[in-house]
1. Does residue 197 qualify as being over 29 Å from residue 86 (Cα atoms), buried (at least 19 other Cβ atoms within 10 Å of the Cβ) and not assigned by TED's automatic domain parsing to the domain that holds residue 96?
2. List every residue pair whose Cβ atoms sit under 7 Å apart, with the two residues 6 or more apart in sequence or on different chains, where the first one lies in the stretch 68-92 and is part of a loop (DSSP other than H, G, I, E, B) and the second, anywhere, is at pLDDT below 95.
3. Residues that are free of Cβ contacts under 8 Å to residues at least 60 places away in the same chain: find the strands (runs of 3 or more DSSP E) completely inside the stretch 170-285 holding 2 or more of those.
4. What about residue 48, is it under 16 Å from residue 118 (Cα atoms), in the same structural domain as residue 344 (by TED's automatic domain parsing), buried (at least 19 other Cβ atoms within 10 Å of the Cβ) and modelled with pLDDT under 95?
5. Whether any residue in the stretch 109-118 is in a loop (DSSP other than H, G, I, E, B), at pLDDT 95 or above and in contact with a helix residue (DSSP H, G or I) (Cβ under 6 Å, 6 or more places away or on another chain) is what I want to check.
6. If residue 112 passes every condition in (1) within 28 Å of residue 13 (Cα to Cα); (2) under 20 Å from the mean Cα position of the chain (by Cα) but one, which one does it miss?
7. Is it the case, given these coordinates, that residue 281 is closer than 29 Å to residue 64 by Cα, modelled with pLDDT under 95 and touching a strand residue (DSSP E or B) at 6+ places or on another chain (Cβ under 8 Å)?
8. Given the conditions (1) under 21 Å from the mean Cα position of the chain (by Cα); (2) crowded, with 19+ Cβ neighbours inside 10 Å, report the number of the one that residue 154 does not fulfil.
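The values are calculated or read from the model by the stated rules, or taken from the named source; none is laboratory data. It should be emphasised that the depicted structure is a prediction, and the values quoted were computed from it without experimental measurement. As a convention, Cβ positions derive from the backbone with ideal geometry for all residues, glycine included, and neighbour counts pool all protein chains shown.
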């Protein structure tokens, strides 16, 4: 018998979270109830908490859910191929499935249900309210997308399906990375490191990662996960170093995943090889890019590609790699937090807790 209420972290205003008890909704034939095992935390959570990512409040955050099917409707069980007790990873997007964007295969960009409609982004005012995974239980909509995950994988590793999925989509699928490519990753955060893992799995020949002096621990992890070279851009001339490492050619693929700083976008044009591909995935708070020399894109015939969110192909690749155990992903994971410590978790990821450096972290609502 499902519980009547669930603990849930509710964001009521920028930088304001409250732990509440919310009613657990009854399911119908097309929906399900998820017992949240873990929820990953990323830069989007920090932006949402700070108020720079526009969402309708109040709401329950949490868009990287891993959990166990507590109860499921008959049609939903057939559609997803799941039963109570199955462990699943849940995609953030909840698309309509019928609009032109969905039909054309870009369901992760669906806006026909009202803006950014997905787990962790839907307000309490939209029934049944438990849309996010900063909670003990979460509602699964008829249009939610789930993926089976083996139960023997530790939760902090299994919940990496989201950032690692981004690595496969941003670092491989979108730029068509393959054997022989030189890949340059600008930014050693969790998704930059995920791009390293994905590019290595795709057969990239050389992988280079840049970061700041304070990113030294992250750059060390990048090397442990397969990066051939790392560059501290505050202590080295990055343009000169990339040319040295690529024989003057530049990188075939440049993946820009830095947070908030627009300057690396302009730098990507200097680093990319003739005919190369640039993937822009790091958001900058809608700020313009200074010193963007568009002639470099013209003269190099470089392709510039935007990347937003993850799709099923990336999630599937990530889950297969996680379950294989071939890559020491535990080197990325730095912190576990209880549900009631959600604010500290976000502040730690945002670098607001002195002495703490977070790469990948997650909430474990049940304390598991």
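1. Spelling it out, it is not the case that residue 197 is over 29 Å from residue 86 (Cα atoms), buried (at least 19 other Cβ atoms within 10 Å of the Cβ) and not assigned by TED's automatic domain parsing to the domain that holds residue 96.
2. Once the first residue is part of a loop (DSSP other than H, G, I, E, B) and sits in the stretch 68-92, its partners that are at pLDDT below 95 give 92/309.
3. Per the criteria, 206-211, 229-232, 272-280.
4. Here the answer is yes, as residue 48 does meet what is asked.
5. Scanning the stretch 109-118 turns up at least one residue that is in a loop (DSSP other than H, G, I, E, B), at pLDDT 95 or above and in contact with a helix residue (DSSP H, G or I) (Cβ under 6 Å, 6 or more places away or on another chain).
6. Result: residue 112 fails condition (2) only.
7. So residue 281 does not fit the description; no.
8. The single condition residue 154 does not satisfy is (2).
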